1. Kindly provide the set of residues from segment 557-576 that are surrounded by fewer than 24 Cβ atoms within 10 Å (Cβ to Cβ), farther than 15 Å from Val91 by Cα, in contact with a Leu (Cβ under 6 Å, 6 or more places away or on another chain) and not polar (S, T, N, Q), ordered by number.
2. Do any strands (runs of 3 or more DSSP E) entirely within segment 514-556 hold 1 or more residues that are under 23 Å from the mean Cα position of the chain (by Cα) and surrounded by 17 or more Cβ atoms within 10 Å (Cβ to Cβ), and if so, which?
3. Out of segment 498-513, which residues are crowded, with 24+ Cβ neighbours inside 10 Å and more than 12 Å from Asn552 (Cβ to Cβ)?
4. Among the residues of segment 241-248, are any closer than 29 Å to Glu291 by Cβ, in a loop (DSSP other than H, G, I, E, B) and without any contact (Cβ under 8 Å) to a residue 60 or more places away in the chain?
5. Can you tell me which residues in segment 114-172 are among the acidic types (Asp, Glu) and either closer than 23 Å to Asp207 by Cβ or part of a loop (DSSP other than H, G, I, E, B) (or both)?
6. Give me the pairs: first residue in segment 39-63 and basic (Lys, Arg), second residue part of a loop (DSSP other than H, G, I, E, B) and surrounded by fewer than 20 Cβ atoms within 10 Å (Cβ to Cβ), beta-carbon distance under 9 Å, and six or more apart or on different chains, which are they?
7. Here are some conditions: (1) under 18 Å from Ala435 (Cβ atoms); (2) surrounded by 15 or more Cβ atoms within 10 Å (Cβ to Cβ); (3) among the hydrophobic types (A, V, I, L, M, F, W, C). Ile331 meets all but one. Which one does it not meet?
8. What pairs come out if I take residues in segment 196-213 that are in a strand (DSSP E or B) and modelled with pLDDT of 95 or more and pair them with residues that are of a type in the set (Gly, Ala, Ser) and surrounded by fewer than 20 Cβ atoms within 10 Å (Cβ to Cβ) whose C-beta lies under 7 Å away, six or more apart or interchain?
Amino acid sequence: MVTRFHIVAASVAVGLSYLLISQTSALGKASNVDWPLYGNDLANTRFQDVDGITPENAGRLRPAWVFHTGVLDPDTSFEASPIVVAGIMYVTTGHDDVFALDAATGKTMWTYHPRLLAPIADLQACCGRVNRGVTYGNGKLYLARLDGVVDALDAATGKPVWERRVLDLGRRYTLTMAPQVAGGMVIVGASGGEYEVRGRVTAFDADTGDQKWVSFTTVPGQTWADSSWQYGGAPVWQTPAVDPQSGLVYVTTGNAAPDINGSLRAGANFFASSIIAFDLSTGVLKWAFQEVHHDLWDYDAAQPVVLFDIAGNGSRVPALGECGKNGNYYILDRRNGKPLFSIDEKSVPTTPTWQHPFPTQPVSSVEPLVPLRIIPGTIDRHKLPKNITLASQYTPPNDDHVLIQPGDDGVCEFPPAAYSPRTKFVYYGGRYEPAEYHTFPDDLGPDPKGLFLGSTFKELIPGVEDFGVFGATDTTTGKVIWRIKVAQPAKSGVLVAGDVFFFGEGNGKFHAVDARNGKVLFTFDGTSIPHGGGAQGAPTAYVVNGTEYIANAFGGNFADRQFAPNPVGDALVAFSVK
């Protein structure tokens, strides 16, 4: 049955036909091809229709140039996705620096170092200092900063055009996403769910910086006990997708707050851990789908939404896809949020009652990429701590120490997925990483870092084998077509360029794979270059003067440094076929 907690606020009439917002096949022969947005297009497909690099020649990939940002801060992640416009690449660092580079040579054109409202060491970011990139529109770059400010820069010079303060620095909000630009507006969402903030999305006029609309509907008053909605979390910290035809913008929201302890926030806790559609022009809610009711496990809907079409009853149905941290891949009709692959509300454990656990959770019929249970062969009971009990997914954290898969890092973290209109596959990575949960009714205060987690939990457990999986799911059948197991839990953005799929690992390895069948074609070790770190950026593909390049950041991830090796680095590498 379809989940009864699917919410439709308004119907949106739109024709079934929809042209995917991506480059046309003619770009495969173009001498210059840009990558202007975080996901390349408004649909967030991270697909480039170019064939300079193919399954036949990918084995000849070599670094064309290497650029070093100079940021070697171990508390920083290098997660940026570079963008390219008119032969110039723009890339950011975890310190909110912006570099403009010659995309063919890596030569520096200009740099921008913002004057933050507070020293970066004083900014409270739960999971490391990070900036995921700038976006481009009408001659300007848009930068969302950790101190809650949005900058518009002249793309040619790096000079500020306007600056707007979005958030109250004292409320512990941060901006970490690459903004989205659509309809003449810059759209940003705030991080900070672990600090008991209230989620919001804001849109600014792209030319003037004037505020167009602000939405607080990620945490409405309904489905929250008492006044808990005022600090309910549901942050929006990854880049939205936009469908210009329907006039909708799609965001994903993070965990409810306090994070693991639900004793003060009885109810489903809309719209935490959800996919939400807003009207692009006004910010008015159109529909929402909640992936996790009354989230007690830090199961954000963190991965950016991807838009694509699927066949249905002789027509093309406009769809969207997203993999949550709960490991379910949801495929919905993007006009109204209705499931296109069935979703059942399945009964889950409901004790202890002081957690107010929700009795059901929405389980997708799309095949999961990563197991959603603990695999016996991955547990060494001789090394496992004696006080840990193995538990099923959705077991409420309690006074006992329970081991659950997926854990708080989830299956699908924030790194973006990709979609290829050639294969009709969606590509992404996942984590097999059971976590230990433990909490009790009065465990509600902040930890030494000020995080309102409402629990203690551990992610690196003696006796547990953690690993990652990258793979492809057929959007026409909902079945996984191929998988690649890697040694560390996956936290890399991905890319499809032509028929080649690219992804990285925390140990510094970066791979090119045949997108059709998962055959590994090329591997590069980022630690082989000076200050090369973990390959956990989000790669991009572009063409300059007829040469196709693949660019990726090699700097590692702050939160994943516990899954060693995850070396700190500052290298941005562009690859081409030699």
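1. Scanning segment 557-576 gives a single hit, Val568.
2. Per the criteria, 540-544, 547-554.
3. Residues satisfying the conditions are Val500, Phe501, Gly506, Val513.
4. no
5. Asp147, Asp151, Asp154, Glu163, Asp168 - these are the residues of segment 114-172 that are among the acidic types (Asp, Glu) and either closer than 23 Å to Asp207 by Cβ or part of a loop (DSSP other than H, G, I, E, B) (or both).
6. Note: pairs meeting the criteria are Arg60/Lys578; Arg62/Lys578.
7. (1)
8. Asp205/Gly184
The values are calculated or read from the model by the stated rules, or taken from the named source; none is laboratory data. Predicted model only: the values in this text are computed from it and were never measured. Counting neighbours? That spans all protein chains shown, and the Cβs are built from the backbone with ideal geometry, glycine included.
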